[in-house]
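Below you'll find the structure, written out as C-alpha cells, and then a few comments.
What follows is calculated from the coordinates using simple rules that are stated; it is not laboratory data. Being a predicted model, the structure only gives us computed values, none of them experimental.
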C-alpha cells in the first residue's frame with residue numbers, strides 16, 4: 001500500500017520514478033501534519 005501511495009503522489013506531482021517525495025509533499029497530499037510525521041519517523 002505504501003508503494004502505491006508514493007506512486008500516486010509522484011504521479012500527481014509530475015515527478016519521475018527516481019525522484020523522492022518529501023515529507024512536506026506527502027503531508028500536503030495526505031493531510032497529515034509535518035511535525036507528527038517527523039516525530040513518527042524519528043521515534
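Helix content alone sets the calculated 222 nm mean residue ellipticity of the chain: runs of n ≥ 4 DSSP H residues at -39500 (n - 2.57) each, divided across all residues, give -18500 deg cm²/dmol.
Computed over all pairs of different Cα atoms, the Kirkwood value for the hydrodynamic radius of the chain is 10.8 Å. If you fit an axis through the alpha-carbon atoms of helix 2-12 and take the longest principal axis of the Cα set of the chain, what angle between them do you get, 0 to 90°, nearest 10? For helix 2-12, the angle is close to 60 degrees.
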